[in-house]
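Novice: One structure follows; several queries about it will come next.
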Amino acid sequence: MKIADIQFYSFNPGRRNLEVVRVESDNGYYGWGEIGLTSRDRAVGGAISHFRDFLIGQDPRRIGRIWQETYRSQYFEGGRVLTSAMAAIDIALHDLVAKSLGVPVYQLLGGKQREFVPCFVTTNARNLDDLLEEVKGLVADGWECIRTLVWGLWETEGQVFSPRESVAITAEWHTAVREAVGPGPVIGPDYHHRLSVAEAASYCQRMPPGTIDFLEEPIRDETPAAYAVLRSMTDIPFAIGEEFSSKWQFAPYIEQGLTNFARLDICNVGGFTEAMKVAGWCETHYIDLMPHNPLGPVCTAASVQLGAAVPNWAWLEDRTVDLGRLYSDEIFPVQPKLDGTWYPVLDTPGLGVEIDLDVIKEIPSRQAETPHTVRPDGSVTNF
Ligand SMILES: [Mg+2]
């Protein structure tokens, strides 16, 4: 069996662009993968084009070797653009090889550890009354883990984000949410890397102990030592890692106890090959995976296969909002379907997702620049 072609498709079903890769073999099999660095899709598509030049003709079953060759063959290794491209190819190769064997991808990863893959959801309310109502509804619907939007994290262009205002209001929100739902539900916010160490510490210190169960990405990740300082100022578990592009980026966060839930993104970290190594590394430190899953059905399907196969799993990110055509059955006639608050682990060969090629070829790509967020003084902060 040889790789016959690698195609890259970018299309916009309505809510955001999706960028998928299709790898074909010379004996009629194919597999789908998805890139994670969607806001710079032209760069990732360029990297895939480079990889295509030397992967055509190779044996698609040598997935681990292909990972090494794509990571190391440009002399300067890795980086988010390259590992996002590698991830899509690695996921597609797993889909292709599993289909050729007539087995689900999790059978290539050691078999299934569980029957269902648990998920968490995120709230959308922008004021406290709506938030309390939304959280109570999610709890009533059976959600065990609920991530709450922080105040001021609105996805609009020209947004002004005031950290101190957000910290003060969000701490009040969370204190009220915990009082309203009691001790049971797992509650935590995602701060999108927008705070300084001092701001993040202040946010944590404004709530009674036990108010939140995790804090996702309060600060940026370039300096693990900064997280170590923040760790000394709060005992709240951190959920970090969706932006990490290799096991080497995860390493200090795992070994120094700086991430307590691994927010791994299979479409950023380098596909199944790298995700399984990160999962194993996390297992040695009793850290559960809590994967990032904001893209389309291919990322969801890959994440569900990963969740089936690893022992150390918390929740997969999922959404209850209407996503329009993003998860359309017309575009994706086969895709994972949520059953309550988790995905069943099925026996479908491959990833368990199919894309109608004729349909996506008719859907134009429409890349929108992510909002460039500023602080009240006009300086740049993260989206
Ligand atoms: Mg996040």
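The values are calculated or read from the model by the stated rules, or taken from the named source; none is laboratory data. A quick note: this is a predicted structure, and the numbers were derived from the prediction, not measured. Cβ coordinates were reconstructed from backbone atoms using ideal geometry, including for glycine residues, and neighbour counts include every protein chain displayed.
Novice: With without any contact (Cβ under 8 Å) to a residue 24 or more places away in the chain and crowded, with 19+ Cβ neighbours inside 10 Å as the only criterion, which of Thr148, Thr70, Thr83 stands out?
Specialist: Every option except Thr70 fails the conditions.
Novice: Okay, moving on. Anything in the stretch 156-190 that is within 16 Å of the ligand (Cβ to nearest atom) and touching a helix residue (DSSP H, G or I) at 6+ places or on another chain (Cβ under 7 Å)? List them, or say none.
Specialist: Thr170, Ile187, Pro189
Novice: Now, a different point. List the residue pairs whose Cβ atoms are under 6 Å apart, where the first residue sits in the stretch 308-327 and is closer than 22 Å to Val359 by Cβ, the second is surrounded by fewer than 19 Cβ atoms within 10 Å (Cβ to Cβ), and the two are 6 or more positions apart or on different chains.
Specialist: Matching pairs, first to second residue: Leu323/Arg15; Gly324/Gly14; Gly324/Arg15; Arg325/Gly14; Leu326/Arg15.
Novice: To continue, here is another question. Taking the stretch 247-270, which residues are among the small types (Gly, Ala, Ser) and either at positive phi or within 16 Å of the ligand (Cβ to nearest atom) (or both)?
Specialist: Residues satisfying the conditions are Gly257, Ala262, Gly270.
Novice: Yes or no: the stretch 186-198 includes at least one residue that is free of Cβ contacts under 8 Å to residues at least 40 places away in the same chain, surrounded by 19 or more Cβ atoms within 10 Å (Cβ to Cβ), under 29 Å from Asp339 (Cα atoms) and assigned by TED's automatic domain parsing to the domain that holds Leu230.
Specialist: Within the stretch 186-198 (the criterion being free of Cβ contacts under 8 Å to residues at least 40 places away in the same chain, surrounded by 19 or more Cβ atoms within 10 Å (Cβ to Cβ), under 29 Å from Asp339 (Cα atoms) and assigned by TED's automatic domain parsing to the domain that holds Leu230), the answer is no, since none of the residues qualifies.
Novice: Also, I was wondering about something else. Does the stretch 370-378 include one or more residues that are at pLDDT below 95, over 22 Å from Leu138 (Cβ atoms), in a helix (DSSP H, G or I) and outside the structural domain of Gly45 (by TED's automatic domain parsing)?
Specialist: For the stretch 370-378, residues at pLDDT below 95, over 22 Å from Leu138 (Cβ atoms), in a helix (DSSP H, G or I) and outside the structural domain of Gly45 (by TED's automatic domain parsing): absent.
Novice: Right, another one. It is to be established whether one or more residues within the stretch 220-238 are in contact (Cβ under 8 Å) with a residue 40 or more places away in the chain, in a strand (DSSP E or B) and either assigned by TED's automatic domain parsing to the domain that holds Thr170 or touching a Cys at 6+ places or on another chain (Cβ under 9 Å) (or both).
Specialist: Checked against the condition, which is being in contact (Cβ under 8 Å) with a residue 40 or more places away in the chain, in a strand (DSSP E or B) and either assigned by TED's automatic domain parsing to the domain that holds Thr170 or touching a Cys at 6+ places or on another chain (Cβ under 9 Å) (or both), the stretch 220-238 yields no hits at all.
Novice: Continuing with the same structure: Please identify the pairs in which a residue from the stretch 286-302 that is more than 14 Å from the ligand (Cβ to nearest atom) has its Cβ atom under 7 Å from the Cβ atom of a residue that is hydroxyl-bearing (Ser, Thr, Tyr) and in a loop (DSSP other than H, G, I, E, B), counting only partners at least 6 apart or on another chain.
Specialist: Going by the 7 Å Cβ cut-off, the qualifying pairs are Ile287/Thr259.
Novice: All but one of (1) part of a helix (DSSP H, G or I); (2) assigned by TED's automatic domain parsing to the domain that holds Leu264 hold for Ile331, so report the exception by its number.
Specialist: The single condition Ile331 does not satisfy is (1).
Novice: Being acidic (Asp, Glu), at pLDDT 95 or above and crowded, with 19+ Cβ neighbours inside 10 Å narrows it down to one residue among Glu317, Glu330, Glu283; which is it?
Specialist: Glu317
Yes or no, residue by residue, for (1) surrounded by 15 or more Cβ atoms within 10 Å (Cβ to Cβ); (2) over 23 Å from Asn293 (Cβ atoms):
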site	(1), (2)
Ile355	yes, no
Pro371	no, no
Gly378	no, yes
Thr381	yes, yes
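Novice: With the structure loaded, tell me whether Pro224 is surrounded by 15 or more Cβ atoms within 10 Å (Cβ to Cβ) and within 16 Å of the ligand (Cβ to nearest atom) or whether it fails that test.
Specialist: No; evaluated as a whole, the condition is false for this residue.
Novice: Taking the conditions exactly as written (assigned to a helix (DSSP H, G or I), within 15 Å of Pro13 (Cα to Cα) and under 16 Å from the mean Cα position of the chain (by Cα)), does Val298 satisfy them or not?
Specialist: So Val298 fits the description; yes.
Novice: Keeping to the stretch 196-219, report how many residues are within 16 Å of the ligand (Cβ to nearest atom) and in contact with a Lys or Arg (Cβ under 9 Å, 6 or more places away or on another chain).
Specialist: 6
Okay, residues lined up against (1) at pLDDT 95 or above; (2) closer than 30 Å to Ser232 by Cα; (3) away from the ligand (no atom under 16 Å from the Cβ):
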{"site": "Phe244", "(1), (2), (3)": "yes, yes, no"}
{"site": "Phe272", "(1), (2), (3)": "yes, no, yes"}
{"site": "Gln305", "(1), (2), (3)": "yes, no, yes"}
{"site": "Val321", "(1), (2), (3)": "no, no, yes"}
{"site": "Val334", "(1), (2), (3)": "yes, no, yes"}
{"site": "Leu338", "(1), (2), (3)": "yes, no, yes"}
{"site": "Tyr343", "(1), (2), (3)": "yes, no, yes"}
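Rundown of residues vs (1) over 21 Å from Ala301 (Cα atoms); (2) in contact with a Pro (Cβ under 9 Å, 6 or more places away or on another chain); (3) outside the structural domain of Ser84 (by TED's automatic domain parsing); (4) free of Cβ contacts under 8 Å to residues at least 24 places away in the same chain, yes/no style:
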site: Phe8; (1), (2), (3), (4): no, no, no, no
site: Pro13; (1), (2), (3), (4): no, no, no, no
site: Asn17; (1), (2), (3), (4): no, no, no, no
site: Val20; (1), (2), (3), (4): no, no, no, no
site: Val23; (1), (2), (3), (4): no, yes, no, no
site: Gly28; (1), (2), (3), (4): yes, no, no, yes
site: Gly33; (1), (2), (3), (4): no, no, no, no
site: Asp41; (1), (2), (3), (4): no, no, no, no
site: Ala47; (1), (2), (3), (4): yes, no, no, no
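This table checks each residue for (1) under 30 Å from Leu346 (Cα atoms); (2) basic (Lys, Arg); (3) surrounded by fewer than 22 Cβ atoms within 10 Å (Cβ to Cβ); (4) in contact with a Cys (Cβ under 8 Å, 6 or more places away or on another chain).
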| residue | (1), (2), (3), (4) |
| --- | --- |
| Leu108 | yes, no, yes, no |
| Lys112 | yes, yes, yes, no |
| Asp141 | yes, no, yes, no |
| Arg164 | no, yes, yes, no |
| Ile169 | no, no, yes, no |
| Glu172 | no, no, yes, no |
| Ala176 | no, no, yes, no |
